[in-house]
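Only one structure is covered here, and it is reproduced in the block below.
The values are calculated or read from the model by the stated rules, or taken from the named source; none is laboratory data. Only a predicted model underlies this, so the values are computations on that prediction, with no experimental measurement involved. Every residue, glycine as well, gets a Cβ built from its backbone with ideal geometry; the counts of neighbours run over all protein chains shown. These area figures cover heavy atoms from the full protein model, side chains too; ligands, DNA and RNA do not enter into them. Shrake-Rupley method; radii C 1.70, N 1.55, O 1.52, S 1.80 Å.
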Amino acid sequence: MNNKNIHYSFNRVLSYSEAMLYFIIGERGVGKTYGATKYVANRFLKKNKQFVYLRRYKTELKTSVPKFWDAIKSNNEFPGQKLEVKGNNFYINNKICGYAIPLSTANILKSTTFDNVDTIIFDEFILDKGNYHYLQNEVEKLLDIIETIGRLRDIKILFLGNAISVTNPYFLYFDLRLPYKSDIAKFKNGLIIVNYIKNENYRNLKKQTKFGRLIEGTDYGRYAIDNEFLRDNTSFIEKKDKKAKFIFIIYLNHKKYGIWLNNENMFISEQIDPNCPIIITFNTNDHSN
């Protein structure tokens, strides 16, 4: 099998040209970042369009930015072209083609212009457990960046993530779900695309490696090879008991959740009693009279 033909290509998902947000979720190593890097390089060479490379924190940029071009350079994807990184800027043939920006401090960009940028790459948009955390009001911060960069222009945002958890701020904010009986689903009248990668050729090849054989049958193997979500399980998910009584409403991030109780279990549900006078919130931004 030709290894060059097993990695992810953006051609199909970007054929949904009416979309603005593209959520690309796939197993590690399948080529999400590689494909996005190749796409923006081609875009600059052919259309002279620039891009923004987004990570959540400055510390992430310190490790990822210097190596941004390494993979496509090592594969000689653009022979004769000079690809460089200087500070937090990307260059092709001595011309600036992209900017690296941390989401955590993006509010300082509001007076900056990005007239020639038409693509944003948000790499590792889904976080795993560890030292990093999602930002407070993260989705709104991301929307601020889109507004700052796009203004009245149509731009594309490529969200790249491993299959760690569907319980993330972006899926919750836009009420997104994984595709059903397909690998692509459309939301918001086609403005949002969710692509859950199912690359069987890549999986079969990876299973044949020593590492693939090592992790076969483990939770990590199902995540790294089969693209199953690592941190998601249904242990505490079940239908609400018919005998459960409504207790109160939790109002969180502008959304209401009903709390139901029976003798043994407490249920959190989107089903609520709108006449309930008891409403609890944990965020000052959700306070109202």
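Counting only DSSP beta bridges with both residues in the chain, tell me the antiparallel percent, nearest 5.
45 percent
Assuming a ≥ b ≥ c are the square roots of the Cα gyration tensor eigenvalues, decide whether segment 79-210 counts as rounded (a/c under 1.5), prolate (otherwise, with a/b larger than b/c) or oblate.
oblate
Give the span of segment 1-77's Cα atoms along each principal axis, as three whole-Å numbers ordered largest to smallest.
34, 33, 27
Output the Cα-based Rg and Dmax of segment 1-135 in Å, rounding Rg to one decimal and Dmax to a whole number.
15.2, 50
At a 1.4 Å probe, what is the % contribution of carbon and sulfur to the accessible area of the chain? Walk me through the intermediate numbers first.
Details: 8360 of 17060 Å².
With neighbouring chains kept in place, the figure for the chain is 49 percent.
Viscosity 1.002 mPa s, temperature 20 °C: Stokes-Einstein D of segment 60-143 from its Kirkwood Cα radius, in µm² per second? Mind dumping the intermediate values first?
On the way: Rh = 14.9 Å.
The calculation lands on 143 µm²/s.
Suppose a student asked you for the relative contact order of the chain, using Cα pairs under 8 Å spaced at least 6 residues apart; what percent would you report?
Result for the chain is 19 percent.
If you count only protein heavy atoms with a 1.4 Å probe, what accessible area per residue comes out for the chain, rounded to a whole Å²?
Using a 1.4 Å probe on heavy atoms only, each residue of the chain averages 59 Å².
Between residue 132 and residue 256, what is the FRET efficiency for a Förster distance of 25 Å, r being their Cβ-Cβ separation, to the nearest 0.05?
In this case the efficiency is close to 0.30.
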